[in-house]
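Participant: The structure follows.
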Amino acid sequence: MSATSTPADSGRHSVSFTVNACNSDAPFIESTLRHMLPALGFPFAERFITYDPGRQEGKYAERAVGDRATMEAIFQRLLDERVIDRVDVVPWNQPEQQRILGTYFGGTQVDLKDFSGAPIYQYLYALDRCEGTYVFHADSDMLFHRAVDESWIDQGIELMQQEPRVVVTCPRAGPPQARNWLERLAGRSFEPTPTEKWRRVDFTSTRYFLMDMAKFRTALPLVQSRPGEPLENSLTHTIKLRGLEHWNLTTLDHWTIHPWKHDENYVRHLPDLIWAIEQGHYPFRRIGQRWDMRTEGQHIEEWLRVLRRHGRGRGAPVVTHER
């Protein structure tokens, strides 16, 4: 499934944009992709979705399940409007599975999914399909804030070109959040302004990353720290093992946030939540990790209060069924 137009040439660096999708993404993927690409602000050489129409397993089996017809209708709208360039369907034949796992893990026996049912093969298949010198991958539910004209991807590539060991870069993980009772009381952060634009981090998540593919290939094969672990653990372990590094931006010009649940509240208020992230509005006093958007039950009220201050998000929260 592909668009009739030729993918845009960045004119700067050849960067592939790739998102993995499955049927349970149906309630939100169209909205998030229409947000994501403008928010990133980079002219990608190719923009594609890797779609797994199969049944989810493990902890993901409890999510609300869409269907292939709904997903294909969404994809067709995105293709017709040139939001994306193509959709690849994950092949589940044994020769392709063996080829992909052999390419990225060598001769090590690795399961197609981790112990919790999270994808391994699907992610690596998507990565293998990328033609860019660099690859930007994001999960289909990620939300991005950009406060300046410049894309952080240009900055990430510049850092990887300057620093031989840096193989992965990312924007800041989440906006500021009250860290203690004093900051919650004052309603503002007392954290010192970072003196460095970038900082090294110890964990490489599969939620989102910008990767230098040439450096990554020199690090292959991937090595698991323990059998059955998530792919992101193997990436993290291998990057350290090979003497490579992952760095994140520290500035608030660019940050990203991830929904903790795809619950009723999240889906219902998603247009307003996207607007808030794009405008840089967020609750400083909120529950959970800095990089997670909590919307389940009454936690949505933290976000609704912010939205109401700006004339949005007037609906009442739903407190029952969660996805």
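Participant: Tell me, please, whether a residue that is in contact with a Leu (Cβ under 9 Å, 6 or more places away or on another chain), crowded, with 19+ Cβ neighbours inside 10 Å and in a loop (DSSP other than H, G, I, E, B) can be found in the range 92-113.
Facilitator: yes
Participant: Here's something else I'd like to know. Considering each residue of the range 128-141, count those that are among the aliphatic types (A, V, I, L, M) and surrounded by fewer than 22 Cβ atoms within 10 Å (Cβ to Cβ), and give that number.
Facilitator: 0
Participant: Here's something else I'd like to know. Of all residues being within 19 Å of the chain's Cα centre (by Cα) and more than 12 Å from Tyr51 (Cβ to Cβ) in the range 74-91, which is surrounded by the fewest Cβ atoms within 10 Å (Cβ to Cβ)? Just the residue, please.
Facilitator: Val83
Participant: Filter the range 243-273 down to residues that are outside any strand (DSSP E or B) and touching a strand residue (DSSP E or B) at 6+ places or on another chain (Cβ under 8 Å) and give me whichever is farthest from Arg165 (Cα to Cα).
Facilitator: Tyr266
Participant: Does His269 qualify as being touching a residue at least 24 places away in the same chain (Cβ under 8 Å) and touching a Gly at 6+ places or on another chain (Cβ under 8 Å)?
Facilitator: Criteria met by His269.
Participant: Is there a residue in the range 202-225 that is more than 19 Å from the chain's Cα centre (by Cα) and at positive phi?
Facilitator: There is no residue in the range 202-225 that is more than 19 Å from the chain's Cα centre (by Cα) and at positive phi.
Participant: Can you work out which of the residues in the range 243-256 that are within 17 Å of the chain's Cα centre (by Cα) and either more than 20 Å from Ala118 (Cβ to Cβ) or modelled with pLDDT under 95 (or both) is surrounded by the most Cβ atoms within 10 Å (Cβ to Cβ)?
Facilitator: Trp255
Participant: Which residue pairs have Cβ atoms under 6 Å apart, sit 6 or more places apart or on different chains, and have a first residue in the range 172-193 that is touching a residue at least 40 places away in the same chain (Cβ under 8 Å) and a second that is part of a helix (DSSP H, G or I)?
Facilitator: What qualifies is Ala178/Arg184; Ser189/Glu183.
The values are calculated or read from the model by the stated rules, or taken from the named source; none is laboratory data. All figures in this text were calculated on a predicted structure; none of them were measured in a lab. Note: ideal-geometry Cβ built from the backbone for every residue, glycine included; neighbour counts use all protein chains shown.
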